[in-house]
Amino acid sequence: MFNQTLIVYIYAGLGANALSYDYSAHIECVRKPEKAQYGGGIITNPELDNGLKGWSRFGYAKLLHKESEGNRFIVAHSRNQPYDSVSQRLYLQKNNFYTFSAWIQVSKGNHVPVRATFKTKNGFKHAGSVVAQSHCWSFLKGGLTVDESGVADLYFELTSGLIASHSNHLLKSSGNPINITPFKRRGDPIENATILIERNKPNFPFGCAINKLILTNPAYKSWFTSKKFTVTTFEDEMKWYSNEPTQGKEDYSISDQMLSFAKGQQISVRGHNVVWDDPQYQPYWVKSLSGQQLYSAATKRLNSVMGKYKGQVIAWDVVNENLHNKFFETQLRNGNASAEFYNLAFGADSSTIMFLNEYNTIESPGDSLANPTQYLKKLKEIQSFPGNANGKLGIGLESHFDVPNLAYIRSSIDVLAATGLPVWITELDVKSNSNQAKYLDDILRELFSHPGIKGIVMWASWHPQGCWAMCLTDNNFKNLPTGDVVDKLMAEWGFLNDVVTGQANAFGFYDASLFHGDYQVRVAHPAQFKNSFFSTATSHSFKVTPLVVGSRNRSNSLVIQISD
C-alpha cells in the first residue's frame, strides 16, 4: 500500500503562437505557488476554479479538490501504485512542441522523485521530473515533442511524475533586435542616413573538439582552421590516462602542442578533464591503489594538470560524469569525494569556471540519474561543501543525442539556467541515422537561441576510422551533410564576416537583427557624406549579448549623434 499523497497545483498550459516563450523556471521550494503560465493553455480548468472539472484519476487514486491560503489544488490519495494520480486527457497534434509546468507537493518526505508522463497510443513518454517535498511547493517544468497525433493522458508517477502545459510553438534561432537612431547635434533624427554594421568578432563561443591528428595531418588542420571556430576541446589529450599513462611519469607534450596550435588560431580551449568518475576510464594503474594512495594520486593529478594550464584554458571539467558514476566515492569510501575535489580545484585555479560535465541531462527524459533535478541536487552538494560556496561553477551538458525532444531540451535548460550559472553544451553530437543532419540543424538552432546557453562545442573530432558518433567531414575533408549544416548555420549566425547595410527611414530609425558579438556601426549623413562614406562616416562600437533568461525585453537601442 502506498501511503504517499500527491498534491498537484497546475501552473502552466499552452502558449499561443503570438506569445513569446517564457524561459523562466523556479528551483526553490516555495510556500505559495504562482498563477498558471499562458493562462493555462489547452489545460481545462487549469486554475481549478471549477472543482475537478476536466480532471480525472489515473489508476485507482482518489481525488480531492482543496483550497488553502487562497491556493486551489488537487490531492491524489489512497494510492496503491506509483502511477496512481490525477490526470487530464488531451489531444496532441503531430510535430507540435508542448511545454508544461506544475507545482508539486507530497504528503511526507523531503526528496521524493515525481515524474511527468504522457500515456499515448504508442506508449509512455516521460517529459520532466522534480524532487518534491512536503510543506512546500516544487516546480516541475517539462516538454514533449509529439511524433503522432492522438489522445494522450497526462499523469504523475511518484518515483517520477506529471504536469501539463502545452505550447505549440517553437522558437527558432533569431537575432537580438537593434534599433539604431542617428541624431544631429541639435537633437533632430537624420532621415535616410546610410548605415553599415560590421561584426568584428563573435562573442558566442562555438566550436568543435579536436585530437592529436591535427598536429600531423595538414588537411585536417586546414579544414579545421577554415571553419572560424572560436572554442575547442581536446578529445583525449588532456585526460589523466593520456598525461600519466604510467604512474609517476607525466607527459604533457601532445597537449602542449595542441594548446599552442589553438592559441595560434585565437581559439579558446576547455580543460577536459581533470578526473573521470567512470571506473573504465581510469589509468590502468589507478585501480590497484589503496584508498589513501588513490586520494594522493588524484590530488597530485589535479594540482599537476591545473597548475600547468592555469590561465590557459577557459573552463575545467573537474569530476567528469559524476551523476552516473561513483568510482572515487566508492574507492575512497567518501560520499563527499567529488565535492572535495571541487574544493581543491577552486584552490588550484580560482579564476576559471569549474564545470560538472554530464550526459543525458537534456537528452533523455527517462534517465532518473542525471535529469535536471538530480543535476541541481549534485550542484547543491558541491556548493554546500565547506569552502565551496564562492567557487565559480558551471553547468556542462554533454548532449549526445539520438532522436531529440526539442521541447524537453528547452524546458530542461530553463530549469538549469534558473541557477544563474553559465550553461554550456560541451560534447554535442547526433547518432548516425537517416535524419542526422536534420536533427543536428534542429538542435543547434534550439540551443543557440536559448538565452541560458553560453557556449557550444560539438563532439566531432575527426578520425580516419570514423568519429565517436558524428563526423562533419569525410576522409578527404569534404563536408558531410552534417558539415553543411554547420557551415550554413555559422554563416546565418554571422560567424563569417557579418556585414549589414541599410538606410534609416523618414523618421531616422533603422532596425536590424544581430547575433551575439562585437560590432562597429558607421553612419553617413546623406547630404554631407554622400560620396565619401567609408572615410568620413561617424563610427561607433557596440556589443550584442545574449538575452537574460526570463527577460521580456528583446530589443536594444543605439542612439548616435552626428555633428551638423
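The values are calculated or read from the model by the stated rules, or taken from the named source; none is laboratory data. In this text, all values refer to a predicted model and were calculated from it rather than measured experimentally. Note that each Cβ is placed from the backbone with ideal geometry, even for glycine, and that neighbours are counted across all protein chains shown. The area values use the complete protein model at the heavy-atom level, side chains included, leaving out ligands, DNA and RNA. Shrake-Rupley method; radii C 1.70, N 1.55, O 1.52, S 1.80 Å.
Somewhere in the range 376-385, is a residue in contact with a Pro (Cβ under 7 Å, 6 or more places away or on another chain), open to solvent by less than 20 Å² (accessible area, probe 1.4 Å) and at pLDDT 95 or above? No, the range 376-385 contains no residue that is in contact with a Pro (Cβ under 7 Å, 6 or more places away or on another chain), open to solvent by less than 20 Å² (accessible area, probe 1.4 Å) and at pLDDT 95 or above. Of the residues making up the range 191-206, those that are open to solvent by 10 Å² or more (accessible area, probe 1.4 Å), at pLDDT below 75 and within 35 Å of the chain's Cα centre (by Cα) are L196, E198, R199, N200, K201, P202.
In the range 43-61, the residue that is least open to solvent (accessible area, probe 1.4 Å) out of those that are among the charged types (D, E, K, R) and more than 22 Å from E157 (Cβ to Cβ) is E47. Which residue out of Q312, Q280, Q292 is farther than 15 Å from W240 by Cβ, of a type outside the set (D, E) and free of Cβ contacts under 8 Å to residues at least 12 places away in the same chain? Exactly one residue qualifies, and that residue is Q292. Scoring F224 on the criteria (1) surrounded by 21 or more Cβ atoms within 10 Å (Cβ to Cβ); (2) closer than 25 Å to D278 by Cα; (3) among the aromatic types (F, W, Y) leaves a single failure, condition (2).
For P365, state whether it is closer than 22 Å to H26 by Cβ, open to solvent by 10 Å² or more (accessible area, probe 1.4 Å) and within 13 Å of the chain's Cα centre (by Cα). It is false that P365 is closer than 22 Å to H26 by Cβ, open to solvent by 10 Å² or more (accessible area, probe 1.4 Å) and within 13 Å of the chain's Cα centre (by Cα). Looking at the range 451-473, can you tell me whether even one residue there is under 22 Å from N203 (Cα atoms), modelled with pLDDT under 95 and out of contact with any strand residue (DSSP E or B) (no Cβ under 6 Å at 6 or more places or on another chain)? There is at least one residue in the range 451-473 that is under 22 Å from N203 (Cα atoms), modelled with pLDDT under 95 and out of contact with any strand residue (DSSP E or B) (no Cβ under 6 Å at 6 or more places or on another chain). Looking across the range 298-309, the residues that are open to solvent by 10 Å² or more (accessible area, probe 1.4 Å) and in contact (Cβ under 8 Å) with a residue 12 or more places away in the chain come down to T299, N303, S304, G307, K308. For the range 315-343, a residue qualifies if it is of a type in the set (G, A, S) and either touching a residue at least 40 places away in the same chain (Cβ under 8 Å) or buried (at least 18 other Cβ atoms within 10 Å of the Cβ) (or both), and the qualifying residues are A315, A337, S338, A339.
Among the residues of the range 74-88, which ones are open to solvent by 10 Å² or more (accessible area, probe 1.4 Å) and in contact with a Leu (Cβ under 8 Å, 6 or more places away or on another chain)? V75, H77, P82, listed by residue number. Among the candidates L323, L344, the residue that is under 30 Å from A407 (Cβ atoms) and in contact with a helix residue (DSSP H, G or I) (Cβ under 8 Å, 6 or more places away or on another chain) is uniquely L323.
Yes/no matrix, rows are residues, columns are (1) in contact with a helix residue (DSSP H, G or I) (Cβ under 8 Å, 6 or more places away or on another chain); (2) open to solvent by 30 Å² or more (accessible area, probe 1.4 Å); (3) more than 24 Å from E321 (Cβ to Cβ); (4) modelled with pLDDT of 95 or more:
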| site | (1), (2), (3), (4) |
| --- | --- |
| E398 | no, no, no, yes |
| T419 | yes, yes, no, yes |
| D429 | no, no, no, yes |
| S432 | no, yes, no, yes |
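Please work out if T330 is assigned to a loop (DSSP other than H, G, I, E, B) and over 30 Å from M470 (Cα atoms). Taking the combined requirement at face value, the residue does not satisfy it. Of the residues that make up the range 264-282, is at least one at pLDDT 95 or above, in contact with a strand residue (DSSP E or B) (Cβ under 8 Å, 6 or more places away or on another chain) and exposed (fewer than 15 other Cβ atoms within 10 Å of the Cβ)? For the range 264-282, residues at pLDDT 95 or above, in contact with a strand residue (DSSP E or B) (Cβ under 8 Å, 6 or more places away or on another chain) and exposed (fewer than 15 other Cβ atoms within 10 Å of the Cβ): present.
Condition check: within 17 Å of N322 (Cβ to Cβ) and not charged (D, E, K, R). Does F385 satisfy that? Yes.
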